[in-house]
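K.L.:
Starting off with a structure, shown below.
What follows draws every value from the coordinates through simple rules; no lab data is involved. Note that this is a predicted model, so its numbers are computed, not measured. Cβ: placed from backbone, ideal geometry, glycine included. Neighbour counts: every protein chain shown.
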């Protein structure tokens, strides 16, 4: 998995590529938590995310909860068909702001 963090005046975008597994989810969780402390708008760009295991899905859910707790916003961009299918099965489509 590769993580790229882009900061601008109004948001932080974290681009995630590769496979988000139980062995890589801690790294993403760390980056997401740090970003949450720095912004009220967190964008996860998952255009190049090829796979998301349950541990990775927990990171997305945790990010959503942490942003909601601080009245911030989490947006997930560029969701590929395979990942969207997982979001639909788990009900995450109803929780996340997907664009």
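K.L.:
On a 0 to 90° scale, report how tilted helix 54-69 is relative to the longest principal axis of the chain, with both axes built from alpha carbons and the result rounded to the nearest 10.
P.N.:
30 degrees
K.L.:
I've got another one for you. For region 62-82 and region 5-38, compute the distance between their C-alpha centroids and round to whole Å.
P.N.:
The two parts, judged by their Cα centres, are 11 Å apart.
K.L.:
Right, next: Could you check which residue among 17, 54, 25 shows the biggest mean-square fluctuation in a GNM of the chain with a 10 Å Cα cutoff?
P.N.:
54
K.L.:
Okay, next question. So what is the calculated 222 nm ellipticity per residue for the chain, using -39500 (n - 2.57) for each DSSP H run with n of 4 or more, over all residues, to the nearest 500 deg cm²/dmol?
P.N.:
Mean residue ellipticity at 222 nm (helix-derived): -13000 deg cm²/dmol.
K.L.:
Which residue, 31, 50, 88, has the most motion in a Gaussian network model of the chain that connects Cα atoms within less than 10 Å?
P.N.:
In this elastic network of the chain, the residue with the biggest mean-square fluctuation among 31, 50, 88 is 88.
K.L.:
While we're here: Determine which residues of region 11-51 fall in the zone a paramagnetic label at residue 4 would reach in this model, i.e. backbone nitrogen under 16 Å from the point 7 Å along Cα→Cβ.
P.N.:
12-19, 43-50, by backbone N distance to the label point.
K.L.:
Separation between the residue 58 and residue 81 pseudo-spin-labels, each 7 Å from Cα along Cα→Cβ, expressed in nm?
P.N.:
In this crude label model, residue 58 to residue 81 measures out at 3.1 nm.
K.L.:
For helix 25-38, what angle does its Cα long axis make with the longest principal axis of the chain, in degrees from 0 to 90 and rounded to 10?
P.N.:
Computed tilt is about 20 degrees.
K.L.:
Here's another thing I want to ask about it. How high is the FRET efficiency between residue 65 and residue 23 when r is their beta carbon distance and R₀ equals 22 Å, given to the nearest 0.05?
P.N.:
0.45
K.L.:
Given a cut-off of under 8 Å on Cα pairs at least six residues apart, what relative contact order in percent is computed for region 2-98?
P.N.:
27 percent
K.L.:
While we're looking at this one, here's another question. For region 27-99, max minus min Cα coordinate along each principal axis, in Å, sorted largest first?
P.N.:
Cα extents, longest axis first: 30, 25, 19 Å.
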